[in-house]
Amino acid sequence: MTTLTRWDPFQEAVTLREAVSRLFDESFVPSAPARGAGFVPALDLSETPEAYLVEVAVPGMKAEDLNVNIENGVLTISGEVKQSEESKERNYHRVERRYGRFSRSITLPSTIRADAVTARLENGVLHLSIPKAEEVKPRKITVNVG
């Protein structure tokens, strides 16, 4: 004997509503930052056969406002974005640019040459090149016959 199950369209609508609510609750779209709140700059880490490459978005910053340190295998990039003086004649309706101190740390492999790191700031992006130690670079080994 076959069991008959009734379709309830309202049950599916509730499930859709819950899914949309969950989407907004877990949304990755940031809300407007609190005034004067610090931030964490976006960072990309990649690798070539010779080095690890780090790129950090720091728009509007000057090289002298950035600190880059490597200690015990941890790369730390810190600095401060200062807010420009607000004009008394202006009535701000919204301030979304982020200001304040920041610090970003990532653990690096132990096989780096910390004494040979190079850094350059170009178009609001800090570029770091962290050379790999000689023992971890890939080597081609030729096999001799005979």
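The values are calculated or read from the model by the stated rules, or taken from the named source; none is laboratory data. From a predicted model like this one, the values you see are computed outputs, not experimental measurements. Quick reminder, even Gly has a Cβ in these numbers, built from the backbone with ideal geometry, and neighbours come from all protein chains shown.
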So for region 41-60 (the condition being in contact (Cβ under 8 Å) with a residue 12 or more places away in the chain, of a type in the set (S, T, N, Q), surrounded by fewer than 12 Cβ atoms within 10 Å (Cβ to Cβ) and in a strand (DSSP E or B)), does at least one residue qualify? no
Among the residues of region 79-88, is there at least one that is polar (S, T, N, Q), surrounded by fewer than 14 Cβ atoms within 10 Å (Cβ to Cβ) and at pLDDT 80 or above? no
Considering only residues that are touching a residue at least 12 places away in the same chain (Cβ under 8 Å), part of a loop (DSSP other than H, G, I, E, B) and out of contact with any Phe, Trp or Tyr (no Cβ under 8 Å at 6 or more places or on another chain), which ones fall in region 70-96? Gly73, Arg94, Val95, Glu96
Does Thr142 satisfy being touching a residue at least 24 places away in the same chain (Cβ under 8 Å) and not hydrophobic (A, V, I, L, M, F, W, C)? no
